[in-house]
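Trainee: Here you go, one structure.
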Amino acid sequence: MSFQDKSLQCSDCGATFTFSAEEQDFYQSKGYTNEPKRCPECRQARKSERSGSSNYGSSRQMFPAVCAECGKDTQVPFQPRGDRPVYCSDCYRKVKPSR
Ligand SMILES: [Zn+2]
Ligand SMILES: [Zn+2]
């Protein structure tokens with residue numbers, strides 16, 4: 001099974017970019033069925049915007065919050081809504097009753 005380079009248009013900046021045979025092979029090996037919608041630059045930009053990490057496993061979005069216990073700036077994996085106290089990881093461990 002061989003792939004051929006494909007020209008795709010970036011949905012962000014409109015630039016034409018190459019979806020190379022190598023990348024197509026990589027995509028298929030990962031089980032991705034979609035073609036990339038964005039050029040490598042826009043993909044890179046979005047990635048670093050979201051998490052600052054290229055590690056797929058840790059790409060969960062984090063929200064800035066202030067710890068209700070110690071007042072420290074922290075990040076939580078959910079959107080703080082203001083009706084519940086948010087704790088930093090240290091205080092969370094203290095506040096949460098241990099099992
Ligand atoms: Zn682009
Ligand atoms: Zn705290």
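The values are calculated or read from the model by the stated rules, or taken from the named source; none is laboratory data. These numbers were taken from a predicted model, which means no experiment stands behind them. Ideal geometry is used to build each Cβ from the backbone, glycine not excepted, and the neighbour counts take in all protein chains shown. Protein only, heavy atoms only, side chains kept; ligands, DNA and RNA dropped before computing areas. Shrake-Rupley method; radii C 1.70, N 1.55, O 1.52, S 1.80 Å.
Trainee: Which ³J(HN,Hα) values, rounded to whole Hz and listed in residue order, are derived for region 70-85 from phi using the Karplus coefficients 6.51, -1.76 and 1.60 in 6.51 cos²θ - 1.76 cosθ + 1.60 with θ = phi - 60°, glycine and proline given as x?
Mentor: Along region 70-85, the couplings run 10, x, 6, 5, 9, 10, 10, x, 9, 7, x, 10, x, 9, 9, x Hz.
Trainee: Now for a separate question. Tally Lys and Arg at +1 and Asp and Glu at -1 over the other residues with C-beta under 15 Å from the C-beta of Tyr87: what net charge comes out?
Mentor: +2
Trainee: While we're on this one: Net charge around Phe3, counting only other residues with Cβ within less than 13 Å of its Cβ (Lys, Arg = +1; Asp, Glu = -1)?
Mentor: Value of the local net charge: -4.
Trainee: Ok, one more. Can you list residues from other chains, or at least 5 along the same chain, whose modelled amide H is less than 5 Å from the amide H of Lys72?
Mentor: Cys67
Trainee: Does region 6-53 come out rounded, prolate or oblate, given a ≥ b ≥ c as the square roots of the eigenvalues of its C-alpha gyration tensor, rounded meaning a/c under 1.5 and, failing that, prolate meaning a/b above b/c?
Mentor: Judged from the Cα gyration tensor, region 6-53 comes out oblate (a/c at least 1.5, b/c at or above a/b).
Trainee: ³J(HN,Hα) across region 29-35 via Karplus (A = 6.51, B = -1.76, C = 1.60, θ = phi - 60°), whole Hz, x for Gly/Pro?
Mentor: 3J(HN,Hα) across region 29-35, in whole Hz: 5, 8, x, 6, 9, 8, 7.
Trainee: If you don't mind, another one. Where is the GNM fluctuation largest for the chain (alpha-carbon springs, 10 angstrom cutoff): Arg81, Arg46, Arg38?
Mentor: Comparing Arg81, Arg46, Arg38 in a Gaussian network model of the chain, the most mobile one is Arg81.
Trainee: Using a Förster distance of 25 Å, how high is the FRET efficiency between Ser7 and Arg46, based on the Cβ-Cβ distance and rounded to 0.05?
Mentor: The pair Ser7/Arg46 has a calculated efficiency of 0.75.
Trainee: Which value, in Å² and to the nearest 10, is the accessible area of Thr16 when all protein chains are kept and the probe is 1.4 Å?
Mentor: Its heavy atoms expose roughly 100 Å² to the probe.
Trainee: Could you pull the accessible area for Tyr87 with a 1.4 Å probe, rounded to 10 Å²?
Mentor: About 50 Å², rounded to the nearest 10.
Trainee: Next question. Could you derive backbone 3J(HN,Hα) for region 5-18 from the dihedral phi with the Karplus parameters 6.51, -1.76 and 1.60 (θ = phi - 60°), listing whole Hz in sequence and x where the residue is Gly or Pro?
Mentor: 4, 10, 9, 10, 10, 5, 7, 8, 9, x, 6, 8, 9, 9
Trainee: Right, something else. At a 1.4 Å probe radius, which order do Glu35, Glu69, Glu41 fall into by accessible area, largest first?
Mentor: Listed by decreasing accessible area, they come as Glu41, Glu69, Glu35.
Trainee: Sticking with this one: With no solvent and one equal point scatterer placed on each C-alpha of the chain, evaluate the Debye formula and give log10 I(q)/I(0) for q = 0.12, 0.20 Å⁻¹, two decimals.
Mentor: Rounded to two decimals, the profile gives -0.61, -1.01.
Trainee: Rounded to the nearest 500, what is the chain's calculated 222 nm mean residue ellipticity when only DSSP H runs of at least 4 contribute -39500 (n - 2.57) each, over all residues?
Mentor: Mean residue ellipticity at 222 nm (helix-derived): -8000 deg cm²/dmol.
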